Amino acid sequence: MAGDNIEVLDVEEDGNTTVIKVRTFYNRSDEKNPFIAIGLDRVQSDVVIEDTNGTVFNEAPDVE
């Protein structure tokens, strides 16, 4: 997603799942691997990160 910005819109709980809603938008950023770090008071056993267009992001592989 090089060139995109990421914005957290909402965090919801649905049973055993924490759903994090994000919005991505192209802004010609030179960031090769955009990421966002957020702190939450509580996280359920399953976490889903979903874009406003319905894209669900999978876990990122370990980065070294």
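Taken together, the values in this text are just the output of simple stated rules run on the coordinates, not laboratory data. Just so it is clear, the structure is predicted and the values come from calculations on it, not from any experiment. Note that each Cβ is placed from the backbone with ideal geometry, even for glycine, and that neighbours are counted across all protein chains shown.
The chymotrypsin sites (Phe, Trp or Tyr not before Pro) of the stretch 1-50 that meet both conditions, a loop assignment by DSSP and at most 15 other Cβ atoms within 10 Å of the site Cβ, are Phe35.
Loop-located trypsin sites (Lys or Arg not before Pro) across the stretch 1-59 with a Cβ neighbour count of 12 or fewer within 10 Å are Arg28, Lys32, Arg42, with loop assigned by DSSP.
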